[in-house]
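Before any comments, here is the structure.
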Amino acid sequence: MTYLIETTSVKMEYPHSDGVIQLYDEGVSLRVDPGDFVAVLGGSGWGKSTLVNIILGLEKPTSGTVHFSGEDVTRASFVKRCSLVKTGAVFQRPTAVPQLTVGQNLNLALSMAGIPKSERDERIRESIAFFGLERITRAYPESLSAGQRKRIDLARALAIKPQLLVLDEPTGDLDTSASNLVMPLLRGLNKDHGTTILMVTALPRYASSAHQLLHLKPPGFITPSKRIDR
Amino acid sequence: MEKPSWASFVMGGAVPREFTDLLVIAIIGLAGLQAYLTRFTVGGVELGFLTLFLSVLPACTLASLSNATRKLREELALFAYGGSTWQVWAKHFLRGFTCSLIALSPFLSLEIITTGYSINSRSLLLLLAAVLGGAFYSGPSLRRVRSAEFAESYKA
């Protein structure tokens with residue numbers, strides 16, 4: 001069976017006033033097979049969100065390659081990657097169109113994912129019920145709390161029934177009780193529905209659900225003449 | 001401790017500093033120029049059309065640059081939903097085109113009615129102005145989504 005994602009020796013460098021910050025000193029080499037639950041664990045500023053962006057095609061790595069279903073997509077867009085592997089993404093910062101209500105946002109996301117109109121209402125109803133968003137379906141995202149907006153993102157990503165779900169700190173902005181709901185949900189999606197999950201988190205207790213664990217290391221710092229520490 | 005003078009604070013506001021201030025100056029200046037030039041014609045076309053084009057461009061750029069934070073949120077969401085750069089561009093182009101067309105529609109309608117429901121060169125110039133409005137409304141958005149900082153906005 002072919003893999004969904006494979007990254008090979010992915011490295012990233014950022015210019016800095018005194019030199020260059022280098023993420024993933026040894027390069028990130030990761031293989032995600034269908035049905036996997038992969039967790040990427042690392043501290044703040046270690047490049048977790050950057051890795052999510054690289055995998056989704058929102059940032060290009062300085063070196064290394066990213067393959068989706070056997071195809072080199074290192075320079076390809078998120079849209080291209082979605083055409084190879086149906087991907088749902090939940091970012092660290094909640095993302096919703098501010099001019100649309102919660103229900104309209106879900107409808108738009110499903111429409112853009114190519115879900116037929118006849119199926120959308122049912123999927124929206126399911127997702128909204130699952131995340132307990134019934135009372136805020138007609139609300140605008142900017143009037144909601146960060147935790148509610150996070151739940152909208154999760155509902156939106158799951159409504160398209162993705163093959164691959166990429167999550168950047170899925171429990172960020174959620175209170176403890178909501179966080180405690182999310183992890184069993186992700187485990188259930190992975191185990192019962194076969195949804196492949198790639199999740200980055202700073203919290204080891206959430207990474208314990210994963211089949212595969214990748215530990216990031218702190219970034220290095222390179223000056224033009226010599227390399228200093230980590 | 002010496003209190004800062006309120007006068008210097010307030011008077012500091014009199015100095016245009018932002019790019020959008022420049023656009024406002026350009027629009028008002030062009031409106032004035034238009035009022036002056038309408039009496040002249042070159043090759044049968046009033047010079048006022050020239051300033052119409054010149055005022056549509058900064059006005060649409062200004063509208064696109066205003067409320068950029070909210071527009072950025074919208075663009076981030078559209079990409080997260082699987083949208084592409086050209087879709088985002090098309091969305092903003094249509095918005096700019098529609099705004100310009102609404103603004104110009106009284107003159108366009110008048111032109112069509114007075115020429116017996118036919119399209120003449122003046123009508124085409126008005127439509128071209130609306131198209132340029134769309135292009136200049138979508139320009140800042142395209143620049144935003146293609147910038148290196150765009151993907152950084154997904155990070156908290």
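A few notes on this one:
- For the protein assembly as shown, the C-alpha radius of gyration sits at 1.22 times the compact-globule guess of 2.2 N^0.38 Å, with N the residue count.
- Each distinct pair of alpha carbons in segment B:22-63 adds a 1/r term; the inverse of their mean, the Kirkwood radius, is 10.4 Å.
- Here the residues A:Trp46, B:Trp86, ranked from fewest to most Cβ neighbours within 10 Å of their Cβ, fall in the order B:Trp86, A:Trp46.
- Of all DSSP beta bridges in the protein assembly as shown, antiparallel share, percent nearest 5: 55
- Among B:Gly96, B:Gly133, B:Gly12: highest mean-square fluctuation, GNM of chain B, C-alpha pairs under 10 Å: B:Gly12
- Restricting the calculation to Cα atoms, segment A:3-106 shows an Rg/Rh of 1.01 when the hydrodynamic-style radius is the Kirkwood one.
- Radius, Kirkwood style, for chain A when every pair of distinct Cα atoms is counted (Å): 18.4
- Theoretical FRET efficiency, 1/(1+(r/R0)^6), r = Cβ-Cβ of A:Phe130 and A:Ser44, R0 35 Å, to 0.05: 0.70
- Each Lys and Arg contributes +1 and each Asp and Glu -1, all at the Cβ; summed about the Cα centre of chain A, the dipole is approximately 220 debye.
- Separation of alpha-carbon centers, segment B:23-38 and segment A:3-33, rounded to whole Å: 52
- Here's the list of lysines a cross-link from A:Lys60 could span, going by alpha-carbon distance under 19 Å and ignoring same-chain residues fewer than 8 apart: A:Lys11, A:Lys48, A:Lys80, B:Lys155.
- Rounded to 10°, Cα long-axis angle of helix B:85-114 versus longest principal axis of chain B: 30
- Cβ crowding within 10 Å ranks B:Tyr154, B:Tyr117, A:Tyr14 as B:Tyr117, A:Tyr14, B:Tyr154, fewest other Cβ atoms first.
- Spatially near lysine pairs across segment A:122-230, Cα under 24 Å, sequence gap of 8 or more or different chains: 4
- Fluctuation leader among A:Gly103, A:Gly88, A:Gly43 - chain A, Gaussian network, Cα springs under 10 angstrom: A:Gly43
- For segment B:1-93, the equivalent ellipsoid built from the Cα gyration tensor has semi-axes of 33, 31, 6 Å, listed from largest to smallest.
- Cα centre as origin, Lys/Arg/Asp/Glu Cβ charges: the protein assembly as shown dipole, Debye: 240
- Phi to ³J(HN,Hα) by Karplus 6.51 cos²θ - 1.76 cosθ + 1.60 over segment A:6-22, Hz, x for Gly, Pro: 9, 10, 10, 6, 6, 10, 9, 10, 10, x, 9, 4, 9, x, 9, 8, 10
- Intensity falloff of segment A:19-73 expressed as log10 I(q)/I(0), Debye formula with alpha-carbon point scatterers, at q = 0.23 Å⁻¹: -1.11
- The percentage of C-alpha pairs in chain B whose separation is greater than 25 Å is 47%.
- For A:Val28, distant residues with modelled amide H under 5 Å away: A:Ser9, A:Val10, A:Lys11
- The tail of the calculated P(r) for segment A:127-207 beyond 16 Å holds 51 percent of all Cα-Cα pairs.
- Charge tally in the Cβ shell below 9 Å around A:Gly42, where Lys, Arg are +1 and Asp, Glu are -1, A:Gly42 excluded: +2
- Legend: ranking of residues A:Lys117, A:Lys161, A:Lys80 from fewest to most surrounding C-beta atoms inside 10 Å; resulting order A:Lys117, A:Lys80, A:Lys161.
- About the Cα centre, charge dipole magnitude for chain B (Lys/Arg +1, Asp/Glu -1 at Cβ), debye: 240
Where a number appears in this text, it was derived from the coordinates with a stated rule and is not lab data. Note that this is a predicted model, so its numbers are computed, not measured. Here the Cβ is made from the backbone with ideal geometry for all residues, glycine too, and neighbour counts use every protein chain on show.
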